[in-house]
Amino acid sequence: MYRLKRLIIVTGANKGLGKAFYDRFISEKNEDIIISISRIISEDQQQLIDKKSSKFVFIPIDLGQMQDTSGLKQLVNFQNEVKEIIYINNAGVIDPIGKVGDIAIKELVNSINVNILAPAIIINYVFELFKGKKITIVNISSGAADHVIEGWGAYCSGKAFMKMFLNVLGEQEKDSSLIEVYNISPGLIDTEMQRKIRDTNVDGFTRHNEFVLFKEEGKLQSAKEVANKILLETNISP
Ligand SMILES: NC(=O)c1ccc[n+]([C@@H]2O[C@H](COP(=O)([O-])OP(=O)(O)OC[C@H]3O[C@@H](n4cnc5c(N)ncnc54)[C@H](OP(=O)(O)O)[C@@H]3O)[C@@H](O)[C@H]2O)c1
């Protein structure tokens, strides 16, 4: 089936769920271009860059430091080339975990930057740059956007912010057939984020033991199965 050339942008595609999305997209033989925005590049991604693959572009950005769109200038190169843009807002941080009163300010600032500010800047820029094209935004949200988890003040509120930001965007674009916006709560995934949660047994994180048991009882899904489920749910063909 003929399909319009797509630009697929994934944040945090070097590991965890983001890497599972990347693996799925990169294995397809089509004209799509996959862009990873992250600090670190995986070994197999580096090999593609070394081979000068036209299918993969790495934009190195520390989302914790992002203040404006200057790091995203490369996206301008694709303005005329692609007809459709998919942005998967995946990168995220769980820290700081702990009681309000014990929070390290540096971690709080990083959380707000990575989980809120950077994705809001990127989404705003994608809409500015690719106006008039088909745009799909997939926000990897969490049950924490709607449910209070003691000790997770920054993470819960960051997820709640992005969910509302996209709900407002969805309302703005409700009459457009070109724009699709999804907030997806993926459930528990066996990634470094879950390992970090198990490793953080601090005062105020009252559900710590529950998260240890999720792993021990095999309740974590693989990143690959979650990525596949989300693509089905959002009608995105890889
Ligand atoms: N795991 C779960 O059970 C679960 C459940 C619900 C929702 N989620 C959500 O799913 C998404 C993916 O999480 P995951 O479980 O795959 O976590 P992960 O394995 O910890 O991966 C997080 C990704 O975010 C990137 N990232 C973090 N800080 C960054 C920064 N400053 N600049 C650029 N990239 C940065 C990481 O890259 P670096 O290697 O550079 O750190 C990594 O690629 C997150 O939004 C998370 O909130 C996860």
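The values are calculated or read from the model by the stated rules, or taken from the named source; none is laboratory data. For clarity, every value in this text was computed on a predicted model and none was experimentally measured. Cβ atoms come from the backbone with ideal geometry, glycine included; neighbour counts cover every protein chain shown. For the accessible areas, the whole protein counts, side chains as well, though only heavy atoms, and no ligand, DNA or RNA atoms are used. Shrake-Rupley method; radii C 1.70, N 1.55, O 1.52, S 1.80 Å.
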Practice problem: Please tell me if Tyr125 is among the aromatic types (Phe, Trp, Tyr) and surrounded by fewer than 19 Cβ atoms within 10 Å (Cβ to Cβ). | Solution: yes
Exercise. For the stretch 134-143, state whether one or more residues are of a type in the set (Ser, Thr, Tyr), part of a loop (DSSP other than H, G, I, E, B) and within 14 Å of the ligand (Cβ to nearest atom).
Key: yes
Quiz prompt | Conditions (1) outside any loop (DSSP other than H, G, I, E, B); (2) in contact with a Leu (Cβ under 9 Å, 6 or more places away or on another chain); number of the one not met by Glu81 | solution = (1)
Quiz item: Quick check: anything in the stretch 5-25 open to solvent by 10 Å² or more (accessible area, probe 1.4 Å), in a loop (DSSP other than H, G, I, E, B), more than 10 Å from the ligand (Cβ to nearest atom) and out of contact with any Gly (no Cβ under 9 Å at 6 or more places or on another chain)?
Solution: yes
Exercise. Can you confirm whether the stretch 189-198 contains a residue that is buried (at least 17 other Cβ atoms within 10 Å of the Cβ) and farther than 18 Å from Lys15 by Cβ?
Key: no
Quiz item: Of the residues that make up the stretch 136-144, is at least one modelled with pLDDT of 95 or more, more than 24 Å from Lys174 (Cα to Cα) and surrounded by 20 or more Cβ atoms within 10 Å (Cβ to Cβ)?
Solution: no
Quiz item: Of all helices (runs of 4 or more DSSP H) completely enclosed by the stretch 192-238, which ones contain at least 2 residues that are touching a residue at least 24 places away in the same chain (Cβ under 8 Å) and farther than 30 Å from Glu28 by Cα?
Solution: 192-199, 208-216
Exercise. List every residue pair whose Cβ atoms lie under 9 Å apart, where the two residues are 6 or more positions apart in sequence or sit on different chains, the first residue falls within the stretch 153-166 and is more than 14 Å from Asn139 (Cα to Cα) and in contact (Cβ under 8 Å) with a residue 60 or more places away in the chain, and the second residue, located anywhere, is of a type outside the set (Val, Ile, Thr) and assigned to a helix (DSSP H, G or I).
Key: Tyr155/Ser111; Tyr155/Asn115; Tyr155/Ala144
